[in-house]
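*Asks:* Submitted below is the structure of interest, expressed as C-alpha cells.
Each value in this text was obtained by applying a stated rule to the coordinates, not by laboratory testing. Remember, it's a predicted structure, so these values are computed and weren't measured experimentally. A quick note on method: Cβ atoms are made from the backbone with ideal geometry, for glycine too, and the neighbour counts reach across all protein chains shown.
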Amino acid sequence: MSMTQKETISAIVRTLDAKKAENIRVIGIRDLTIIADYFIIANGTSTTQTKALADEVEFQLKEKGLSPNRVEGYQGANWIILDYADVVVHIFYKETRNYYDLERLWSDGKEADISEFLDNND
C-alpha cells in the first residue's frame, strides 16, 4: 500500500512534531527544481535530538512501507538528510540550520501551512 504525497508529508510532520522538533517548515519546490517536490526542514536542539528525530522519521515511515532512497549526514548529526524521492527531509542541529539558512535559499518556494498536515481530519 503506497502513501500519497500528502500522507507522506503528514506522517513526517506529525512525527517531527511529536518528537518536539523545532520550527518545522514545509516548502514546495516543485516549480523550482527537479530535486524534489517538497523540502521539510526542522531542527533539534542537540546532535542527540537531531539523530533521534531522523531515527523516528525513518522508523515511522518504514512502518508504513516507505524507506528513504538515501540518508546523509548521520555521523556528524549536524545536518541529516532523508531522501524520499519527491519529499526530502532536512533535520538540522539548531546552529547549523541558522548557518545554512535553507529557507532563504529556497525563498521562492511555496511555504505550506503545517497545520494542514497536523490536522487529524484527513
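*Asks:* Sum -39500 (n - 2.57) across every DSSP H segment of at least 4 residues in the chain, then divide by the residue count to get the 222 nm mean residue ellipticity, nearest 500.
*Replies:* Details: 5 runs with 46 residues, N = 122.
Value at 222 nm, helices only: -10500 deg cm²/dmol.
*Asks:* Using the basic label-point model (7 angstrom from Cα toward the beta carbon), what is the Asn98 to Leu118 distance in nanometres?
*Replies:* If labels sit at Asn98 and Leu118, their model points lie 2.3 nm apart.
*Asks:* Report, in cubic angstrom per residue, the convex hull volume of the C-alpha atoms of the chain. Could the numbers behind the result be given before it?
*Replies:* Working: hull volume 12.1 nm³, N = 122.
Looking at the chain, the number lands at 99 Å³ per residue.
*Asks:* Here is a follow-up. I'd like the distance between the alpha-carbon centres of region 44-61 and region 89-122, rounded to an integer number of Å.
*Replies:* Answer, in whole Å: 15.
*Asks:* In Å and whole numbers, how far do the C-alpha atoms of region 1-58 stretch along each principal axis, longest first?
*Replies:* So the three principal-axis extents are 33, 29, 15 Å.
*Asks:* If you restrict to DSSP beta bridges whose two residues both lie in the chain, what percentage is antiparallel, to the nearest 5?
*Replies:* Working: 17 of 24 bridges.
Close to 70 percent.
*Asks:* Give, in nm to one decimal, the length gained when the segment between Asn69 and Thr45 is fully stretched (0.36 nm per residue of separation minus the Cα-Cα distance).
*Replies:* Working: separation 24, 0.36 × 24 = 8.64 nm, distance 2.60 nm.
Extra length from Asn69 to Thr45 when fully extended: 6.0 nm.
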